[in-house]
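The values are calculated or read from the model by the stated rules, or taken from the named source; none is laboratory data. The structure presented is a predicted model; accordingly, all values stated were derived computationally and were not measured. For neighbour counting, all protein chains shown are included, and Cβ atoms are generated from backbone atoms with ideal geometry for every residue, glycine included. Areas reflect the complete protein model, heavy atoms only, side chains present, ligands, DNA and RNA absent. Shrake-Rupley method; radii C 1.70, N 1.55, O 1.52, S 1.80 Å.
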Amino acid sequence: MRSNHPLIGLAISSAVLIACGDDPNPADNDTSADTTPADTTPADTTPADTTPADTTPADTTPADTTPADTTPADTTPADTSPADTTPADTAPADTSPADSSDVSAGDYLARCGSFFAARILEMQIARDPDFPSDCDAPLVDPIGRLRPDGDALCAAGETPNACRQRHYDTPPALDDMAQACWDVSEPDGCLRGSWLPRCADGGDACVEDEVVCQDGTRPLVYREAATAGPSDAWLFHMGGEGGPCAGLTCWLNYKRAQLTGDVPFSFAMSTLHPDGPESAAQGGRGNMSGDPALPYARFNRVRFERCTDGASAAIEEAPVFNGVPAELAEQFPDFPLATVPVWHRGLATWKAAFRHMTTLEGRDRDGDGVPEIPSLADARLIVLSAASDASNWLTFSADAFAEELRAIAGPDVEVRIMIDGLFGPSLDNEARYHPEAPADFDMLANPYSDTGLCLLPDNDDGVDNEACSAAGYGPGSRLRESYEIRNVQLDASCEAFHGVGAPECYDRNHTLFHHVAVPWLVLADQEDNTVSDGPPAYADDPSYFWHVPATYRERVVDQAWDLVDSWATAAREEGAGEAGDMILILPKKRREGEPWGRATHVRFHDDTEMARQMTLCDAGGAKVASLSFNQMLGGWFGDDLPQTFAIEDARRPLPDGSFWVTGNACRAPE
């Protein structure tokens, strides 16, 4: 949004608000999608959001390295899986009993060059217990399927390592994979797959493979031209289906689908996971929808099949549980150690996707030699979108990606980012609640690096674990080690300001608030029921937990108001932000008295969630107008949002007494 003031038109007419975002048929209540007739179901009778807690990113909780993350109880698909993990869009796994069994105790995996190969070897051993535990041994059975009743993933006679290399060098033809929404009619709203090139520059001439999924397979994107007609606007999206791994969590995550049924974590590491390869197409949902009634139809849309992150550049040797233990290496010098390469190639994957969309291969949706999609080189507006943990990596890489895109589309192309979920409490804001807080505390003007003050609220657990500091972002911390293993790119201007490797630059919120130069939008629940499940990264004791929604929400809302009040002032470390370059949409789905699980984590992938509304009410409680989240995003795309924020907060009405509430009708704000 571009405006001269952070607030525009507080007394907004219904006509102006309804026009916002070109969504002519917004949801009339909280449970109907934008494209369907409204029903009369009350807004708060929908099932609780059950997005799994273990999708929380590394910079909000280190809990993803603990055994607790393996519980299978959190696999409800409704809020956990963007479109690509639903049955319609994902080829089912090979379901034969032999393929789904684990390796017997005592067997080791030798000479495996990738997680893909290691899992194929396990599946072969499950069929034939006498098969050698060696990824260089030729398979005796065909293993896995590209799709149900389709060709084998790996053929009898080839080794697991050779199978992985074959699929990387020459990825499967899309026609050999599950077709999902794709058919001879090439329907609108169906995003067709395309394998990315080997190299970050969009070609295949690099000496070493640069664009690689964590398990060694080739990255894949789904894309479609704007369904509303030719467009020079683009939308790239990465979901948060599990997050990247480091160390011991890698092999655990890769096997979750098999061990616990927790499919998103496993499939977010691969495009051809042996337990269920991806499909050739995906139906566009949420912000990838091609519905002409929604604002996304005006965009050429590209969705990453999640198999990496968006900021890493490393290869890690990760341990596998049934390999040779390192302590036995001296006794068995000729037997490989229990490690397998894991590719962390998020940076190269995003860059390759950008370059790919300037080529015939990337733009030809149906493979007939004629590109249906325009070239990214001719773009006017490019929006980069990420959900859950993926928003971490997009935040760190945002300005670097903007430079890459300007090199492709010219210096005048506008680049923005939008974030789904993950607007948790900030270290910089904690001094506000400290007994020694500066008078008139402001999070931007008084960051932790200046105050050194942090004390979390007593959570009544009987443990003295409320201490907090920047140590969670510093050398030796679990978060820092994870980022360093994956060689996560940090924001260059943050390191220029604070110094290379400064804790502030590992802090996603600090980086976003002070150092990201491109315009950004956040849509996040004030009581995010996933991020709130773990301790904040700045908690000195990882046993700390948020015990009630009120203390968590208070911090989220207070930091939001500081951004509203001080964004366009010199309080920001890199200088005043331009009015309209920061948009906050912070609903409160859970109503008081309901369990915390009623809150929401992410929405971008879900048609129904994106159709939900917030309502602006005048000082007397009369409805001014309601906007769906689809409309709000559409208004931001078109630079016609009448306000730069929508925050439900009973403590702070707008200057004219009006206020926002979550839902389609006016009621007392909470």
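Kindly state, to the nearest 0.05, the FRET efficiency for LEU259 paired with ALA665, given R0 = 41 Å and r defined as their beta-carbon distance. Step by step, r from the Cβ atoms, then E = 0.35. Rg over Rh for region 215-282 works out to 1.09, both radii taken from alpha-carbon positions and Rh defined as the Kirkwood radius. With the highest mean first, a sort of the peptides 456-462, 561-567 on other beta-carbon atoms found within 10 angstrom per residue produces 561-567, 456-462. For GLU578, the accessible area of its heavy atoms, probed at 1.4 Å with every protein chain present, is near 90 square angstrom.
Legend: residues LYS589, LYS623, sorted from most to least accessible area (1.4 Å probe; ligands, DNA and RNA excluded), read LYS623, LYS589.
Taking all pairs of distinct Cα atoms, average 1/r, flip it, and tell me the Kirkwood hydrodynamic radius of region 477-527 in Å to one decimal place.
Numbers: mean 1/r = 0.0828 Å⁻¹.
Taking the inverse mean of 1/r over all distinct Cα pairs, region 477-527 comes out at 12.1 Å.
Close amide H partners of THR358, meaning residues 5 or more places away or on another chain with modelled amide H under 5 Å apart, are LEU376. Once the C-beta distance of ALA492 and ASP565 is scaled by a Förster radius of 22 Å, the resulting FRET efficiency is 0.20 to the nearest 0.05. Magnitude of the charge dipole for region 377-437, about its Cα centre and with charges confined to Cβ atoms of Lys, Arg (+1) and Asp, Glu (-1), is about 140 debye.
Set against the 2.2 N^0.38 Å expectation for a compact globular protein, region 395-522 has a Cα radius of gyration ratio of 1.20.
Judged by the gyration tensor of its Cα atoms, with axes a ≥ b ≥ c, region 500-561 is oblate; a/c meets the 1.5 cut and b/c is at least as large as a/b. Cross-link partners of LYS623 among lysines, defined as those whose alpha carbon lies under 21 angstrom from its own and excluding same-chain residues fewer than eight positions apart: LYS588, LYS589.
Within 10 Å, Cβ to Cβ, of ASP541, how many net charges do the neighbouring residues add up to if Lys/Arg are +1 and Asp/Glu are -1?
Working: positive: none; negative: ASP464, GLU466, ASP540.
Taking every Cβ under 10 Å from that of ASP541, the sum is -3.
Looking at region 106-195, I'd like the Rg to Rh ratio, where Rg is from alpha-carbon atoms and Rh is Kirkwood's inverse mean 1/r.
Working: Rg = 15.6 Å, Rh = 14.4 Å.
Ratio of gyration radius to Kirkwood radius for region 106-195: 1.09.
Compute the signed sum of charges (Lys and Arg +1, Asp and Glu -1) over the other residues within less than 10 Å, Cβ to Cβ, of ASP412. Please report the intermediate quantities before stating the final value.
Working: positive: ARG380, ARG406; negative: GLU414.
Net local charge, ASP412 excluded: +1.
Let me know the shape class of region 483-589, please: from the alpha-carbon gyration tensor, a ≥ b ≥ c as square roots of the eigenvalues, rounded when a/c is under 1.5, otherwise prolate if a/b is greater than b/c, or oblate. Cα axes put region 483-589 in the oblate bin.
Dipole check for region 589-670: with +1 at the C-beta of Lys and Arg, -1 at the C-beta of Asp and Glu, and the Cα centre as origin, the magnitude is about 280 Debye. Other residues lying with their Cβ under 9 Å from the Cβ of MET357 contribute a combined charge of +3, Lys and Arg counting +1, Asp and Glu -1. Accessible surface for ARG667 stands near 80 Å², nearest 10, in the context of the full protein assembly shown (1.4 Å probe). You can think of it this way: the chain between GLU484 and GLU578 has 30.6 nm of extra reach, that is 0.36 nm per residue less the Cα-Cα gap. The Rg/Rh ratio for region 568-641 is 1.05, where Rg is the radius of gyration of the alpha carbons and Rh is the Kirkwood radius. Simple rule: put +1 on each Lys or Arg Cβ and -1 on each Asp or Glu Cβ in region 551-665, find the dipole, and look at TYR552, GLY577, ALA625; the Cα lying farthest toward the positive end is TYR552. When you filter the GluC sites (Glu not before Pro) in region 432-509 for DSSP loop state and at most 11 other Cβ atoms inside 10 Å of their Cβ, you are left with GLU436.
Sort LEU252, LEU259, LEU376 by accessible area with a 1.4 Å probe, largest first.
On the way: LEU252 30, LEU259 85, LEU376 0 Å².
Result of the area sort, largest leading: LEU259, LEU252, LEU376.
Using θ = phi - 60° in the Karplus curve 6.51 cos²θ - 1.76 cosθ + 1.60, the 3J(HN,Hα) couplings for region 505-513 round to 7, 8, 8, 4, 5, 4, 4, 5, 6 Hz; x is entered for Gly and Pro.
So if we plug the beta-carbon distance of THR339 and ALA550 into 1/(1 + (r/R0)^6) with R0 = 41 Å, what FRET efficiency do we get, rounded to 0.05? That gives a FRET efficiency of 0.35. Heavy-atom accessible area with a 1.4 Å probe sorts LYS255, LYS351, largest first, into LYS351, LYS255. The figure for ILE408 is an accessible area of roughly 20 square angstrom, using a 1.4 Å probe on the protein chains alone.
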